[in-house]
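Since every read-out is calculated from the coordinates, none of them should be taken as a lab result. Predicted, not measured: the structure shown is a model, and the values here were computed from it.
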Amino acid sequence: MFTVICCMFGGIGFGWLLRKQDCTWIQKVITLLIWVLLFLLGIEVGGNKKIISALPVLGLDALVIAALCTIGSCFFAWILWLYIERRKSR
């Protein structure tokens, strides 16, 4: 954890030093690194026999969680919309 925090503050310091430079290329580098990390994560998951064998159960759990989160978000957005409309009509 200490290493992560040190890297973050190092990046902040480096960004502060380069704040007057044109660093638009960094966005492309970050995107590329994220794609590489996702690919390496896929290799790690694909090589783990326990995860691959539990994939149907994990997929079902993920589907249930995603569906319930979507339903809950829609429900509370509807409640908020009703509340705002009721306050407008006053």
Review point. Given 20 °C and 1.002 mPa s, how large is the Stokes-Einstein diffusion coefficient of the chain in µm²/s, with Rh as the Kirkwood radius over Cα pairs?
Key: 116 µm²/s
Study note, to complete from the structure: In the chain, whole DSSP H helices that both stretch 24 Å or further along their axis by alpha carbon positions and average at least 1.6 on the Kyte-Doolittle scale are 25-46
